[in-house]
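Accompanying notes for the structure given below.
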Amino acid sequence: MRAWTSTKTGLQLDAHRPSPAPAASAVPGAHLLLRVRYAGLNPADLALMATFPAWLPWRRNPIVGLDFVGEVIAAGPQAAQASSSPDVAKAGTLVCGALGVRQAFFGAGTLGEVLMVPADLVAAVPQRFLSARNGGGEGESIRAAVAMGVTGQTAALVLREAEARGKGRIAEWAGKRVLVNGASGGVGSILVHVLKNRGAHVVGVCSGANEEMVRKLGADEVIDYKVHQDVYGFIAESTPKDQQFDLVVDCVGDDNLYTRCLGYLKLEGRFLCITGGPSQGVYPFLMHQIRPVFLGGTPRSYKILGMGPSGAGAREVADWAEKGYLKEVAIDSEFTMDEVPKAYERVESKRARGKVVIRISE
């Protein structure tokens with residue numbers, strides 16, 4: 001099969017080339033063999049390439065990529081039992097999800113024509129995305145299922161954490177006020193859309209160039225951070241005390257958004273961050289999540305989240321689609337298999353509006 005591999009540290013990909021393809025007759029235990037239709041790119045892919053140096057022994061032929069939408073070619077004898085539904089183990093079924101830490105660590109990525117994946121990591125592509133919509137072709141609908149991967153599962157983690165027991169727990173989203181920083185990105189765009197469809201009042205922070213898209217996804221208000229010299233002060237000044245936010249979600253990694261949140265986040269509100277910045281989460285964990293108020297900490301709840309992809313997470317996002325919470329998926333751009341380096345440059349630019357998708361096969 002053809003596959004993209006990375007044997008150097010950083011964003012340096014080898015030209016896609018023939019790689020060993022798993023044999024359909026040798027699918028082990030609770031695994032599925034997929035013909036990959038689409039792969040979704042993530043900032044996490046870049047982090048993996050930058051973190052693991054080329055001299056590590058398991059990086060001899062590592063395939064990159066985490067998100068996938070694919071068609072089942074064959075299934076191992078325990079695949080149906082391991083999955084949530086026996087149907088996902090049937091040949092021809094379209095499934096989606098994201099690879100777990102173990103698969104990513106050893107380089108069994110999604111940017112290849114064939115993929116072997118544990119059956120418990122997949123979900124069936126939602127019916128909503130199986131039929132063509134808005135005049136688009138079948139592929140245009142199916143590619144939206146890349147949202148069941150890292151971005152969608154991260155959004156699901158945010159909502160689960162906000163709904164968890166404890167101070168500031170959000171039991172019902174109707175009427176709650178939520179600020180989403182990075183509202184035009186992969187995770188932010190899903191959060192805006194799902195939260196609005198669940199009844200929340202959503203304010204998105206993004207550049208003015210992306211305002212139309214974010215409003216189309218459901219944002220009640222949009223703040224263009226580029227037109228305000230002090231955007232944190234603007235948010236505080238424009239937020240009446242009786243309309244402070246129940247939840248602030250930072251999809252960018254902006255420390256100042258948290259340290260200056262007293263004017264717009266309720267005392268019992270929650271601040272959730274999904275990116276750790278250059279320190280890979282160490283700095284915000286120590287300075288914001290651990291540091292007590294008497295040592296200079298901010299008197300608001302803070303938590304940095306780390307997500308491990310799972311089949312349960314993929315199925316949770318698929319359930320959002322079936323219930324009508326996730327009706328649209330923002331796709332920034334679609335690239336061919338030959339254009340993967342260009343696609344990663346788009347991700348690295350941090351200007352992507354929604355998901356960057358690779359079409360692997362028809």
(request) Describe numerically, in nm with one decimal, the distance between label points set 7 Å from Cα along Cα→Cβ at Lys216 and at Thr7. (result) 4.3
(request) Report ³J(HN,Hα) in whole Hz for each residue of segment 91-97, in order, from the Karplus equation J = 6.51 cos²θ - 1.76 cosθ + 1.60 where θ = phi - 60°; Gly and Pro get x. (result) 4, x, 5, 8, 10, 8, x
(message) Check which residues have an amide H placed less than 5 Å from Arg177's amide H, if you skip close sequence neighbours.
(response) His201, Asp246, Leu247
(request) Could you work out how far helix 150-163 tilts from the main Cα principal axis of the chain, as a 0 to 90 degree angle to the nearest 10? (result) 40
(request) Taking amide H positions as placed in the peptide plane 1.01 Å from N, state which residues far from Phe335 in sequence (5 or more) or on other chains have amide H under 5 Å from it. (result) Val357, Ile358, Arg359
(request) Quote the relative contact order of segment 232-362 in percent (integer), defining contacts as alpha-carbon pairs under 8 Å separated by 6+ residues. (result) 17
(request) Would you mind working out the magnitude of the charge dipole of segment 282-329 relative to its Cα centre, with +1 at each Lys and Arg C-beta and -1 at each Asp and Glu C-beta, to the nearest 20 Debye? (result) 260
(message) Accessible area per residue for the chain in Å², computed with a 1.4 Å probe and the full protein assembly in place, what is it?
(response) 44
(message) Given an 8 Å cut-off on Cα distances and at least 6 residues of separation, report the relative contact order of segment 124-280 as a percent.
(response) 19
(message) I want to check the label-to-label distance for Val282 and Ser84. Put each point 7 Å from Cα in the C-beta direction and report it in nm to one decimal.
(response) 3.6
(request) Could you size up the charge dipole of segment 166-246 around its Cα centre, putting +1 on the beta carbon of Lys and Arg and -1 on that of Asp and Glu, and report it in debye to the nearest 20? (result) 360
(message) Over the chain, with a Gaussian network built from C-alpha contacts below 10 Å, which listed residue (Ala171, Ala91, Ala144) shows the highest mean-square fluctuation?
(response) Ala171
(message) On a full-extension model of 0.36 nm per residue, what is the gain between Glu348 and Lys327, subtracting their alpha-carbon distance, rounded to one decimal in nm?
(response) 4.9 nm
(request) Give the percent of DSSP beta bridges with both residues in the chain that are antiparallel, rounded to the nearest 5. (result) 50
(message) Projecting each Cα onto the charge dipole of the chain (Lys/Arg +1, Asp/Glu -1 at the beta carbon, about the Cα centre), which of Ala321, Ala183, Val64 comes out farthest on the positive side?
(response) Val64
(request) Beta carbons within 10 angstrom, averaged per residue: use that to sort the peptides 178-189, 37-48, 280-291, highest first. (result) 178-189, 37-48, 280-291
(request) Pop the C-beta distance of His228 and Ser25 into the FRET formula with R0 = 51 Å and round what comes out to the nearest 0.05. (result) 0.25
(request) Across segment 173-323, how many lysine pairs, 8 or more positions apart or on different chains, have C-alpha atoms separated by under 16 Å? Please give the number. (result) 7
(request) Report the extension gain between Glu334 and Ala236 in nm, rounded to one decimal, defined as 0.36 nm multiplied by the number of residues separating them, less their alpha carbon distance. (result) 31.5 nm
(request) Output ³J(HN,Hα) for segment 326-343: one whole-Hz value per residue in order, computed from phi by the Karplus curve 6.51 cos²θ - 1.76 cosθ + 1.60 with θ = phi - 60°, and x for Gly and Pro. (result) 10, 9, 10, 10, 6, 9, 6, 6, 10, 10, 8, 4, 6, 9, 4, x, 5, 5
(request) Using amide H atoms built 1.01 Å from N in the peptide plane, name the residues 5+ places from Leu265, or on other chains, whose amide H lies under 5 Å from its own. (result) Phe245
(message) What are the ³J(HN,Hα) couplings of segment 38-46, residue after residue, when phi is run through the Karplus curve with 6.51, -1.76, 1.60 and θ = phi - 60°? Round to Hz, x for glycine and proline.
(response) 9, 10, x, 9, 9, x, 4, 4, 5
(message) Give me the percent of accessible area attributable to carbon and sulfur for the chain, probe 1.4 angstrom.
(response) 51
(request) Take every Cα-Cα distance within the chain, group them into 10 Å bins from 0 onward, and report for each bin the whole-number percent of pairs it holds. (result) 5, 25, 32, 24, 11, 3, 0
(request) Give the relative contact order (percent, whole number) for the chain; include only Cα pairs under 8 Å separated by 6+ residues. (result) 18
(message) Explain nothing, just the number: dipole magnitude of the chain about its Cα centre with +1 on each Lys and Arg Cβ and -1 on each Asp and Glu Cβ, in debye rounded to the nearest 20.
(response) 520
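The values are calculated or read from the model by the stated rules, or taken from the named source; none is laboratory data. Because the structure is predicted, anything quoted here is derived from the model rather than measured. Here Cβ is always computed from backbone atoms with ideal geometry, including for glycine, and neighbour counts include all displayed protein chains. SASA here: full protein model, heavy atoms, side chains in, ligands and nucleic acids out. Shrake-Rupley method; radii C 1.70, N 1.55, O 1.52, S 1.80 Å.
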